[in-house]
2 protein chains.
Amino acid sequence: MPAKAPRFDSLSTPALLLDEAKMMRNIERLEVQAQTLGVTLRPHLKTAKSVEVARRLNKGVAPAITVSTLAEAEAFHAAGFADILYAVGIAPQKLARVQALRAKGCDLIVILDSAEQARAVAQAEVPALIEIDCDGHRGGRRPEDASLVEIGRILHEKGCLRGVMTHAGESYGVRGKAAHAAFAEQERSATVRAAEALRNAGLPCPVVSVGSTPTAHAARDLSGVTELRAGVYMFFDLVMAGIDVCAVNDIALSVLTTVIGHQQDKGWIMVDAGWMAMSRDRGTAAQDVDQGYGVVCDADGQVLPDLIISGANQEHGIVSRRPGAKVTLPDLPVGTLLRILPNHACATAAQYDRYTVLSQGGGALQTWQRFGGW
Amino acid sequence: MPAKAPRFDSLSTPALLLDEAKMMRNIERLEVQAQTLGVTLRPHLKTAKSVEVARRLNKGVAPAITVSTLAEAEAFHAAGFADILYAVGIAPQKLARVQALRAKGCDLIVILDSAEQARAVAQAEVPALIEIDCDGHRGGRRPEDASLVEIGRILHEKGCLRGVMTHAGESYGVRGKAAHAAFAEQERSATVRAAEALRNAGLPCPVVSVGSTPTAHAARDLSGVTELRAGVYMFFDLVMAGIDVCAVNDIALSVLTTVIGHQQDKGWIMVDAGWMAMSRDRGTAAQDVDQGYGVVCDADGQVLPDLIISGANQEHGIVSRRPGAKVTLPDLPVGTLLRILPNHACATAAQYDRYTVLSQGGGALQTWQRFGGW
């Protein structure tokens, strides 16, 4: 008979599970770190996209937040969050939506890295941070770039210059606290130099904003920085575990799945969590340990040694032993419930419209809505 | 100034565009093919997940359909579709939902490949097809496997044996019509042999169901087969173009995106379509031409030579020249609208809750809802 897990009887699989106690530990860990470093934490809600999760930040006192879409900004403002950074380079066509939210009392700030964006933003009288490139990862101007002061002047003329920001996306590609601390210092140094360049030109720069999950946890000194951003830290995932930002046991998110078949000659156990349930993210493929499409746990969340989702079709996952593993394939009959830890929490969560929450104090499962779209 | 595309003025990017005229051509192409082969077409709606798309199949007469989730079965039945195959190995826990739909008059059929599933399905009096493994891709029993007749007997005792089905998922890994035709013959041969094994044991096997998009288009003879299944053919995508099932110009689905910045020294144009907008699917990575996260077109849908999305963050896409390309990077100012053709239509569409439809006859944009979940 399949392993009993009566508390999940009401669920149809695949389902997205959130362990509230682990999430709260993760949230508190970074809040303590920000306090120690003397900076404001501005959590990024691109991973969670949930009002219920947002309400558990900052001991329940609505914090300044970061978002990745205007749909998030609108949803979080409607839920009472009024200090929001939209941290994707602004397209001029989106300024009408930004202005509409600002007119409702939301202090929505945008980011940009060009004079043409600055002119549109200044004309719309929307406050902005200038994006700084600290690691060649994405957008942003280098701190030494002459255009930085030009952009600053365009914004300042209309009182729209709030400061500078950066994100060391390259920190995801290195492993261990020392390597992440070096990227944290790159973030700090680049933004502080940019802020000085602006101030030396007579421009204000009240906000100096940095962050990514790896650098936020590893930073030792953030002198000159005013705020810290991070997102996936609330849930963590196998990519973060693979670069030693967290332990596998810290991962708060998992996908509940059911065994639906076997191909015994191949050592395959088929489950109903395919790539639609896990996402196509293979973020651990380039890491020291490739976790396939996820690490397999029993229904209680205990890791089953060396079992991963080694392949995925749209609604079928193939569970098998990690290459080279010597463990015996466990006997998991059709109907057995399993939990899969995801490579990338942002991508896996995006496949679902709700979290099924294992509450901190035990008791009944809760449902927290999440949203997507733009 | 950005290229003008006033018909998209009402849209916030990224947005999922569907070219209805291309979709109708794709739909009709496979309908003609099925008619020529003398089999019933049972379209798979796992890609479209849209009632509006389903209503455009089979010249508007509700066809037999295939689905990948019970959520799809419920939604399509509510919209008037009553002959539905749920083509993922059934978990016993899902039978109550299947029975509830059947009680409402939906002829919902399940698939399975083990005696333990057959016992649960027979007890629930739900009709089933036995999944046959024709290429080692996923689930299913080999036609020669003695368990096939055992499973058939368990089902037949309760009048639940409807037939056999297979899917040659491995056909996605080969290129060209001849190679796909060989897989089509593998599908045909395996299911016909399985049907004969059942019939030789005195069991009925009215349904012999085969299909995948590559094999459905390449099949030359389907003697002994009763129905053909395919899904992504309605939209097509770069993966299908890469194995010569369609031309790039047949792809009906694209993502509208806006230029949000430049890193000129690197030859990068930043757009607001990252992996959240495109999905993490990199299905062309293993093909002859790696299309990154998608092929870049202008706002009218004309391919811009050798421009692809070469990298993606959650909400940022990096447009750059294909490695080795000699074209000059076009001047695409901030605010320019572009359209991106996706690697994998199923995965990209799943990131959206609606299609913005470029109607066949021209005229205003339409919105068609799509759904997800399980």
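A few comments on the model shown:
- Residue-averaged 222 nm ellipticity for chain A, from DSSP H runs of 4+ at -39500 (n - 2.57), nearest 500: -8000 deg cm²/dmol
- Dipole magnitude of the range B:23-233, debye to nearest 20 (Cβ charges: Lys/Arg +1, Asp/Glu -1, about Cα centre): 520
- Which of A:212, A:14, A:249, positive extreme of dipole for the protein assembly as shown (C-beta unit charges): A:14
- Starting from the label point of residue A:78 at 7 Å along Cα→Cβ, the same points in the other copies fall at 1.9 nm, in ascending order.
- Closest approach to the B/A rotation axis among chain B Cβ atoms, residue and whole-Å value: B:280, 2
- Surface accessible to a 1.4 Å probe, per residue, for the residues of the range A:22-233, Å²: 35
- Inverse of mean 1/r across different Cα pairs in the range A:207-288, Kirkwood, Å: 15.6
- Estimated at 0.36 nm per residue, the fully extended path between residue B:285 and residue B:158 surpasses their Cα-Cα distance by 41.0 nm.
- Buried surface between chains A and B: roughly 4300 Å² of accessible area, summed over both sides, computed with a 1.4 Å probe on protein heavy atoms only.
- Fraction of antiparallel bridges per DSSP, the protein assembly as shown only, in percent to nearest 5: 50
- For chain A, the antiparallel share of DSSP beta bridges with both residues in that region comes to about 50%.
- Label 7 Å beyond Cα on the Cβ vector: residue B:36 copy-to-copy distances, nm: 6.9
- Dipole magnitude for chain A: about 420 debye, using +1 per Lys or Arg Cβ and -1 per Asp or Glu Cβ, origin at the Cα centre.
- Solvent-accessible area, 1.4 Å probe, carbon plus sulfur percent, for chain A: 49
- Radius 11 Å from Cβ of residue A:290, net charge of other residues (Lys, Arg +1; Asp, Glu -1): +1
- Check: the protein assembly as shown dipole with +1 on Lys, Arg Cβ and -1 on Asp, Glu Cβ, in debye: 760
- Summarising the amide proton neighbourhood of residue B:57: residues at separation of 5 or more, or on other chains, whose placed amide H is nearer than 5 Å comprise an empty set.
- Value of D in µm² per second that Stokes-Einstein yields for chain B, Kirkwood Rh from Cα pairs, at 4 °C (1.567 mPa s): 60
- Theoretical FRET efficiency, 1/(1+(r/R0)^6), r = Cβ-Cβ of residue B:107 and residue B:71, R0 22 Å, to 0.05: 0.75
- Stokes-Einstein D in µm²/s, Kirkwood radius over Cα pairs - the protein assembly as shown at 20 °C with 1.002 mPa s viscosity: 80
- Remark on residue A:44: its backbone amide H falls under 5 Å from those of A:66, A:230, A:231, a criterion applied only to residues 5 or more positions apart or on other chains, H modelled at 1.01 Å from N.
- With the charge dipole of chain B set up from +1 on Lys and Arg Cβ and -1 on Asp and Glu Cβ about the Cα centre, the Cα lying farthest toward the positive end among the listed residues B:172, B:230, B:81 is that of B:81.
- Rounded to the nearest 5, the antiparallel percentage of DSSP beta bridges internal to the range A:1-140 is 0%.
- Residues of the range A:333-353 that bury at least 40 Å² of accessible area once all protein chains are present, compared with their chain alone (1.4 Å probe, heavy atoms only, ligands and nucleic acids left out), are A:334, A:351.
- Reduction of at least 40 Å² in accessible surface, 1.4 Å probe, comparing all protein chains with the chain by itself, residues of the range A:259-287: A:260, A:263, A:275, A:276, A:280
- Per-residue Karplus couplings for the range B:340-351, computed as 6.51 cos²θ - 1.76 cosθ + 1.60 with θ equal to phi - 60°, are listed in order as 10, 7, x, 4, 9, 4, 4, 6, 5, 4, 5, 7 Hz, Gly and Pro entered as x.
- In this structure the amide hydrogen of residue A:207, modeled in the peptide plane, comes within under 5 Å of the amide hydrogens of A:163, A:164, none closer than 5 places in sequence on its chain.
- The residues packed around residue B:159, meaning those with a beta-carbon under 13 Å from its beta-carbon, carry a net charge of +1 if Lys and Arg are +1 and Asp and Glu are -1.
- Selection from B:109, B:367, A:342 lying farthest towards where the dipole of the protein assembly as shown points positive, charges on Cβ: B:367
- Calculated FRET value between residue B:359 and residue B:59, using beta carbons and R₀ = 22 Å, to 0.05: 0.80
- Cut-off 17 Å, label 7 Å out along Cα→Cβ of residue B:28, residues of the range B:220-236 by amide N: B:234-236
- In this simple spin-label approximation, residue A:244 and residue A:175 carry label points 7 Å from Cα along the Cα→Cβ vector, and these lie 0.9 nm apart.
- The local environment of residue A:273, defined by Cβ-Cβ distances under 12 Å, has a net charge of -1 under the rule Lys, Arg +1 and Asp, Glu -1.
- You can think of it this way: the chain between residue A:371 and residue A:146 has 77.0 nm of extra reach, that is 0.36 nm per residue less the Cα-Cα gap.
- With its label point defined 7 Å out from Cα along the Cα-to-Cβ axis, residue A:24 lies at 5.8 nm from the matching points of the other copies, in increasing order.
- With the convex hull drawn around the C-alpha atoms of the range B:23-233, the volume per residue stands at 106 Å³.
- Here the 3J(HN,Hα) profile of the range B:160-169, calculated from phi with Karplus coefficients 6.51, -1.76 and 1.60 at θ = phi - 60°, is 9, 8, 9, x, 10, 8, 8, 8, 8, x Hz, Gly and Pro shown as x.
- Length released on extending from residue A:123 to residue A:83, taking residue separation times 0.36 nm less the Cα-Cα span: 12.3 nm
The values are calculated or read from the model by the stated rules, or taken from the named source; none is laboratory data. Remember, it's a predicted structure, so these values are computed and weren't measured experimentally. For neighbour counting, all protein chains shown are included, and Cβ atoms are generated from backbone atoms with ideal geometry for every residue, glycine included. Only protein heavy atoms, including side chains, enter the accessible area calculation; ligands, DNA and RNA are left aside. Shrake-Rupley method; radii C 1.70, N 1.55, O 1.52, S 1.80 Å.
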